[in-house]
């Protein structure tokens, strides 16, 4: 979104909407190649006379037509199987200069870009990479003082990107503690305790007995798992428990 004489834009001018159009065209062309290869394979299988191949070929034709028209195919088992790039969830990172990030309403193309993203069910994260590089050597206190002077509330662009990505992909993080070692594990929302244990080791899922659970915030405040247990903050959960974001879990299982 920013203009800088030291940064040469391929088209000679800054227009984020044009940039997105170019990228999405390239993704659609790549997807078309994927679909066409699958159509060639399915066309050969049509000779078997099986109805499933006829249905698949018909769906592939519809997907191909949508891509050729610059439209995104809706998620379906076949679209997901093909892993089409243009059908995946999308986040746009809008890079700006320091003045722009504090006055988003005055940034050229920004309001139009927000509307475009909303119409296409996408997220937009405004960041100022130049500003963040300049803040790397400052302490957290110094950064907060700087933002107070600017009169803005600002969270790291990387942190916001990670949070948005996790939300968009329906992911969460849980933790395990063993002695001085703490590990973070990423799983899908809705994952039950035995499956989460299986992310660590398959034996833990097969021999699952129970999960002892405490939230990260409580554990941080009390200092240790044993202290949390003494305060009655550790819950015992069974097979049907769905792991929540920020859970610290001790799995009990048969070896």
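See the values below:
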| quantity | calculated |
| --- | --- |
| Flag if residue 56 is free of Cβ contacts under 8 Å to residues at least 24 places away in the same chain and either in a loop (DSSP other than H, G, I, E, B) or surrounded by 12 or more Cβ atoms within 10 Å (Cβ to Cβ) (or both) | yes |
| Output for segment 177-200, where each listed residue is within 30 Å of the chain's Cα centre (by Cα), modelled with pLDDT under 95 and more than 24 Å from residue 162 (Cα to Cα) | 178, 180 |
| Tally, over segment 1-37, of residues that are in contact with a helix residue (DSSP H, G or I) (Cβ under 9 Å, 6 or more places away or on another chain), over 21 Å from residue 117 (Cα atoms) and at pLDDT 90 or above | 5 |
| Test: residue in segment 69-77 that is surrounded by 16 or more Cβ atoms within 10 Å (Cβ to Cβ) and outside any helix (DSSP H, G or I) | yes |
| Segment 142-153 residues that are assigned by TED's automatic domain parsing to the domain that holds residue 100 and modelled with pLDDT of 80 or more, paired with ones that are surrounded by 13 or more Cβ atoms within 10 Å (Cβ to Cβ) and in a helix (DSSP H, G or I) (beta carbon under 6 Å, 6 or more apart) | 143/135 |
| Candidates 125, 187, filtered to the one that is touching a helix residue (DSSP H, G or I) at 6+ places or on another chain (Cβ under 6 Å) and closer than 21 Å to residue 219 by Cβ | 187 |
| Residue match in segment 77-85 (condition: in contact with a strand residue (DSSP E or B) (Cβ under 8 Å, 6 or more places away or on another chain), under 29 Å from residue 15 (Cβ atoms) and modelled with pLDDT of 90 or more) | no |
| Filter result (surrounded by 15 or more Cβ atoms within 10 Å (Cβ to Cβ) and either more than 19 Å from residue 236 (Cα to Cα) or within 25 Å of the chain's Cα centre (by Cα) (or both)) within segment 201-224 | 215, 216 |
| The lone exception for residue 148 - which of (1) assigned to a helix (DSSP H, G or I); (2) surrounded by 15 or more Cβ atoms within 10 Å (Cβ to Cβ) it fails | (2) |
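The values are calculated or read from the model by the stated rules, or taken from the named source; none is laboratory data. A quick note: this is a predicted structure, and the numbers were derived from the prediction, not measured. Please note: Cβ atoms are built from the backbone with ideal geometry, for glycine as well, and neighbour counts cover all protein chains shown.
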